[in-house]
Structure formats: C-alpha cells, structure tokens
Amino acid sequence: MQSEKKHFKSGYVAIVGKPNVGKSTLINDFMGCKLSIVTPKPQTTRKKIMGVLTKEDYQIVFYDTPGIMEPRYELQKYMVKTAYDAIEDADVILLIAEPFEPPASTDKAFLEKISHLTTPVILAINKIDLVEKDSLIPIISAYSTQFKFAEIVPISALKSTNLDLIQTLIVKYLPEGEPFYPADHMTDYNERFLAAEIIREKVFGFYGEEIPYSTTVEIEEFKEREAGKDFIKAIIYVERESQKGIIIGKDGKAIKHVGLIAREEIEKEIGRKVYLELWVKVMEKWRKDRSKLYKLGYK
Ligand SMILES: Nc1nc2c(ncn2[C@@H]2O[C@H](COP(=O)(O)OP(=O)(O)OP(=O)(O)O)[C@@H](O)[C@H]2O)c(=O)[nH]1
Ligand SMILES: [Mg+2]
C-alpha cells in the first residue's frame, strides 16, 4: 500500500480585534520573541506587523494589526484601514476577543462587515486567566449566535494557554502550497523600525492621557559603528508646544528616563550597544493631517 504523502501548507493569518485585546501579545507568543510592542493602553499597534512561523510541514504568515474601532481622525482611519486590508488578504482570520462581556454593538457591526467573506474566521477568546471557567460558557454561546465561526477557542496569550491548539486549528484551514519565505525569515521590518517602536512603547508606558496618542517616533539616523556603539538619533513628534514640555519633563528628567529604558531594550533586541539620542519636535496636528501622516511613514 502506498503511504499518503503529507502536503506542505502555507498561508496568511490576520490577527484582528478591538484595541487592547491582546493581538500583539499573541503574535509575540507564537513567534517566541518580541516582534510587536505591547502596552496596557489601547491603540498601541499602528501598522501591520508580519511574523513568519515555519515548521516542518507548514508556514503561517501572521499579521498583527491595529485594533478595530470607530475612527475619529486620519491616523485612526489609517489604522482601521490597515486592519481591514490584512483581513482581505488573509487565508484565515483570527479574531481575538475578551471574555468579560458578550459581544457589544461594535463587535456585531464588525462581524456584519466581514460577513460577505468566505474566509474561515477562528474566534480566540483571550485573557481567560482573568475569569472563572464557568463564565466563559455564556460568552462563547453569545458569540456563536452572532456569527458562524470556523472554531472558537479560549486562550491566554499571556500564560500561553491553548496556543498549540490554536496553531493546529489554523493549519487545518490553511491551503496546501509552498512556503512564501525561507525558513529563517521571521519578519519584514528592520532595526530602524524596531527601535522606533520600542521608543514609542516606552512613551506609551510612561506618559498619561493624550500624550501617547499625540506622539510618533521617527529615526533620523541609525549608524552602525565598528569601533564603539551604534548611534541612533530619534525624533519624538508631538502635536503642541505644551506636550513638548511634558515629554521633556522638569530638568529633562522624563525624557532621560524614557531614553534610558528604550536604549536598554533596543540593545537587548538588536544585541549591540547603542548610543541613543532623543529629540522632541512639534508637528502641529500631525495625526489629523494626511500629508503629515504620509511624511511620518503612515503610508
Ligand atoms: N491577563 C492577561 N492579559 C493579557 C493577555 N493578553 C494580553 N494581555 C494584556 O493586555 C494588554 C494589551 O495587550 P496587547 O497585546 O498590546 O493588545 P493589542 O490587542 O495588541 O492592543 P492594540 O495594539 O492597542 O490594539 C497588555 O497589558 C497585555 O499584557 C492575557 O492572555 N491575559
Ligand atoms: Mg497591538
């Protein structure tokens, strides 16, 4: 008897959901490294982040995406469009939700919006480490009456619960095909982008209220130096003069602290010593202005 040959599977998986549900934590967990920044604040991720997971008989190209919301200004429009574009391109949609309440009207509106697609949608109810097991049952049944999910899986991205199971389920729905990338290819972005994201993560973590949302980071210079540390000059853009003062802080203490923790993490991630110079500039209402957004890399 001839043994049946197992065919290689490969495809794109868009990780989508509302802001702050744990999409970036999950892609990092799948990839086993920090690809996408994570903060306790919503709307952290602003761009699509690719993570390629290659195993013996499959390759999953994950896309972490910005949280889906009702956009109020241009940057948010860009973010939501980025998420929907990833959905359009996906072979499998991995929708992340939280287990705290049944689907709200925004969730229902989202499910309605994707109802025309034939793409399988796997629902992962994340953060189950925070709730009692019994409380999941009504949440799962409320979601399943809203939409015909291919699978529903309770997970905890933080505690790595059920991640193997979810991978197995994703692979079940992937098409057969050759890998898109070489096995050692993990992502498509460079150290420049990673450095900017780490600085943004520290800004999100350190400052309150509107500051993180009014901030973007651009790397003006990134020089690898054979003798000595790499040199990175980064600009933190804010929208108003008053915000510049807050970023810098009294006697420059705030920015010094952010610079220090960002530098330490950049060094850890790129594996080299770094000299990090942070500058703060005002670009008025950049997040509401298309051409400014474009200039700042939100293309
Ligand atoms: N307790 C618990 N917290 C989690 C879990 N997954 C993520 N979090 C936390 O939830 C917060 C948001 O996580 P992110 O991964 O940044 O969420 P996100 O969906 O990428 O958020 P946006 O990029 O803003 O859309 C962080 O504080 C995470 O530590 C989980 O399984 N359990
Ligand atoms: Mg995120």
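Just a few scattered comments:
- Restricting segment 123-134 to residues that are assigned to a helix (DSSP H, G or I) and modelled with pLDDT of 95 or more, the residue that is nearest to LYS172 (Cα to Cα) is ILE128.
- Failed item, numbered, when ILE87 is tested on (1) closer than 23 Å to SER36 by Cα; (2) more than 16 Å from ligand 2 (Cβ to nearest atom); (3) part of a helix (DSSP H, G or I); (4) in contact with a strand residue (DSSP E or B) (Cβ under 8 Å, 6 or more places away or on another chain): (2)
- Restricting attention to segment 30-57 and to residues that are within 9 Å of ligand 2 (Cβ to nearest atom) and among the hydroxyl-bearing types (Ser, Thr, Tyr), the residue that is nearest to LYS6 (Cα to Cα) turns out to be SER36.
- Whichever residue in segment 185-226 is closer than 17 Å to ILE270 by Cβ and assigned to a loop (DSSP other than H, G, I, E, B) and, among such residues, is most open to solvent (accessible area, probe 1.4 Å): GLU226
- Of the residues screened, GLU176 is one that is in contact with a His (Cβ under 9 Å, 6 or more places away or on another chain) and not β-branched (Val, Ile, Thr).
- Residue list for segment 280-294, restricted to those being under 21 Å from THR65 (Cα atoms) and without any contact (Cβ under 8 Å) to a residue 24 or more places away in the chain: TYR294
- Members of segment 155-179 that are touching a Phe, Trp or Tyr at 6+ places or on another chain (Cβ under 8 Å) and either open to solvent by 30 Å² or more (accessible area, probe 1.4 Å) or under 21 Å from ASN28 (Cα atoms) (or both): LEU163, GLN167, VAL171, LEU174, GLU176, GLU178, PRO179
- The set of residues in segment 108-154 that are open to solvent by 40 Å² or more (accessible area, probe 1.4 Å) and touching a residue at least 40 places away in the same chain (Cβ under 8 Å) comprises LYS127, GLN146.
- Of the listed requirements (1) outside any helix (DSSP H, G or I); (2) within 23 Å of LEU117 (Cα to Cα); (3) at pLDDT 95 or above, GLU70 misses just one: (3).
- Of the residues ALA157, ALA142, the single one that is within 10 Å of ligand 1 (Cβ to nearest atom) and on the phi < 0 side of the Ramachandran plot is ALA157.
- Residues that are open to solvent by 40 Å² or more (accessible area, probe 1.4 Å) and closer than 20 Å to LEU26 by Cα within segment 55-84 comprise LYS55, TYR84, listed in sequence order.
- All positions within segment 18-40 that are touching a strand residue (DSSP E or B) at 6+ places or on another chain (Cβ under 8 Å) and near ligand 1 (Cβ under 6 Å from one of its atoms): VAL21, GLY22, LYS23, SER24
- Cβ pairs under 9 Å, 6+ apart, first in segment 230-255 and touching a residue at least 12 places away in the same chain (Cβ under 8 Å), second aromatic (Phe, Trp, Tyr) and in a helix (DSSP H, G or I): TYR237/TRP286; VAL238/TRP286; GLU239/TRP286; ALA254/PHE206
The values are calculated or read from the model by the stated rules, or taken from the named source; none is laboratory data. Not measured: the values here are computed from a predicted model. With ideal geometry, Cβ positions are generated from the backbone for all residues, glycine too; neighbour counts draw on all protein chains shown. For accessibility, only protein heavy atoms count, side chains too; no ligands or nucleic acids. Shrake-Rupley method; radii C 1.70, N 1.55, O 1.52, S 1.80 Å.
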